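Have a look at the structure below before the remarks.
What follows is calculated from the coordinates using simple rules that are stated; it is not laboratory data. Since the model is a prediction, treat every value here as computed from it, not as a measurement. A quick note on method: Cβ atoms are made from the backbone with ideal geometry, for glycine too, and the neighbour counts reach across all protein chains shown.
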Amino acid sequence: MNYATVAKKDEKSFQTEQYLCSQLNKHGWIYDKKNPELVICIGGDGTLLYGVHKYLPIINTIKFLGIHTGTLGFFTDYTGEEIDECIQDLLHKKPSIFTSNLLKIQMDNDPVPRYALNEMRVENIVKSQILDIYIDGEFFETCHGSGICLSTQAGSTAYNRSLKGAVIDSGISLMQLTEITPIQHSKHRSLGVPYIMMENRIITMRSETFDTAVLCYDHLNLSLADTHEIICSMSDLKVQFVRYRAYSYLKRLKNLY
């Protein structure tokens, strides 16, 4: 098995990575940073997101496993204290595969699409952002406020949850649109609650100006200066997670609060 690791920059994660690699190499596994079959992410959810974006060009050909060494590990299957159990499972068990599609984000002034596992957000902390939302080409609403968040099922427990969006059960592929600090008054009203929609919808966001707004996608961000239109949809790119033992989504949810 060709594998690679992505580790958080702290001592515990580094030591876990070194031990894991020494044990896997001893059993004939090959460390291959360029073309791994399996990427083992050691740290937390942020580390896994980093790994997904690092290997985006070959994302459909590889699989991911998370080892949790920090404070939050929703995507991770093992803790640092369970490293020996993890190694035994890797060496001797056949995993099940769980997949999650990535959001595709396309801007009118940039030919290069961006992708997100959790969510994309248009955020403006300088001034109120006005943007028109179209769904499948049909006008839906105009939003006034700090911005908008479009999340996947995987991202429903992340930033979306802090916006009082719905947490979506595992295995359901959809998108959720949630406003960020919306401005509501007698002259302007928007939906005001999260909107959950089918995975095949196409969401278009338009504005006369995004000049002081930022596009945030997972842990990454970029300026939206000179952008007037953003089109979002579910992509054909998938993140494949390997699972070697019983998985309880409810247990992971309860660990959040």
message = Please report the net charge: other residues with Cβ closer than 12 Å to the Cβ of T16, K and R +1, D and E -1.
response = -4
query = Mind checking the angle between helix 11-26 and the chain's longest principal axis? C-alpha axes, 0 to 90 degrees, to the nearest 10.
reply = 50
inquiry  = Going by amide H atoms built from the backbone, whose H comes under 5 Å of the H on I180, apart from near neighbours?
reply    = S146, G147, I148, C149
ask   = Given the pairs K164/K254; K33/K63; K33/K93, which are separated by over 21 angstrom at their Cα positions?
value = K33/K93
note = Between E229 and V126, the two model label points (7 Å from Cα along the beta-carbon direction) sit apart by a distance in nm of 2.4
key: Long-range HN-HN contacts of H228 with modeled amide H, under 5 Å   = D108, N109
message = Please report the net charge: other residues with Cβ closer than 13 Å to the Cβ of S146, K and R +1, D and E -1.
response = 0
message = What's the magnitude of the charge dipole for the stretch 99-257 around its Cα centre, counting Lys and Arg as +1 and Asp and Glu as -1 at the beta-carbon? Answer in Debye, nearest 20.
response = 1000
ask   = Counting only residues 5 or more places away or on other chains, whose amide H sits under 5 Å from the amide H of D32 once H atoms are built in the peptide plane?
value = Y3, A4
query = Taking a ≥ b ≥ c as the square roots of the eigenvalues of the Cα gyration tensor of the stretch 1-78, is the shape rounded (a/c under 1.5), prolate (a/b larger than b/c) or oblate?
reply = oblate
message = As I understand it, the dipole of the stretch 136-203 uses +1 on the Cβ of Lys and Arg and -1 on the Cβ of Asp and Glu, about the Cα centre. Which of S173, L163, S151 lies farthest toward its positive end?
response = L163
query = Do any trypsin sites (Lys or Arg not before Pro) in the stretch 1-78 lie in a DSSP loop with no more than 13 other beta carbon atoms within 10 Å, and if so, which?
reply = K9, K33, K34
ask   = Rounded to the nearest 0.05, what FRET efficiency is calculated for K94 and K12 with R0 set to 25 Å and r the Cβ-Cβ distance?
value = 0.30
task = Per residue of the stretch 103-119, in order, report the coupling 6.51 cos²θ - 1.76 cosθ + 1.60 (Karplus, θ = phi - 60°) as ³J(HN,Hα) in whole Hz, putting x for Gly and Pro.
result = 6, 10, 10, 10, 9, 5, 10, 9, x, 8, x, 10, 10, 9, 7, 8, 6
query = Which net charge results for the neighbourhood of E229, defined as the other residues with beta-carbon distances under 13 angstrom from its beta-carbon, given Lys and Arg at +1 and Asp and Glu at -1?
reply = -4
ask   = What's the Cα-based Rg to Rh of the stretch 127-257, Rh via Kirkwood?
value = 0.99
ask   = In straight Cα distance, which aspartates and glutamates are under 17 Å from K94, not counting same-chain residues fewer than 8 positions off?
value = E37, D77, D84, E85
task = State, as an integer percentage, the relative contact order of the stretch 48-190 based on alpha-carbon contacts under 8 Å between residues 6 or more apart.
result = 15
Of the GluC sites (Glu not before Pro) in the stretch 168-226, those whose Cβ has at most 12 other Cβ within 10 Å and which sit in DSSP loop = E208
ask   = What's the angle, to the nearest 10 degrees (0 to 90), between helix 83-92's Cα axis and the longest principal axis of the chain?
value = 80
message = If I take every Cα pair under 8 Å that is 6 or more residues apart in the chain, average their sequence separation and divide by the length, what percent do I get for the relative contact order?
response = 20
request  = Rounded to the nearest 10 degrees, what's the angle between the helix 45-54 long axis and the longest principal axis of the chain, both from Cα atoms, 0 to 90?
outcome  = 90
ask   = Which value in nm describes the separation of the simple spin-label points at R189 and R201, placed 7 Å from the Cα toward the beta carbon?
value = 2.0
inquiry  = Among G46, Y19, V122, which residue has its Cα furthest toward the positive end of the charge dipole of the stretch 1-149, with +1 on Lys/Arg Cβ and -1 on Asp/Glu Cβ?
reply    = Y19
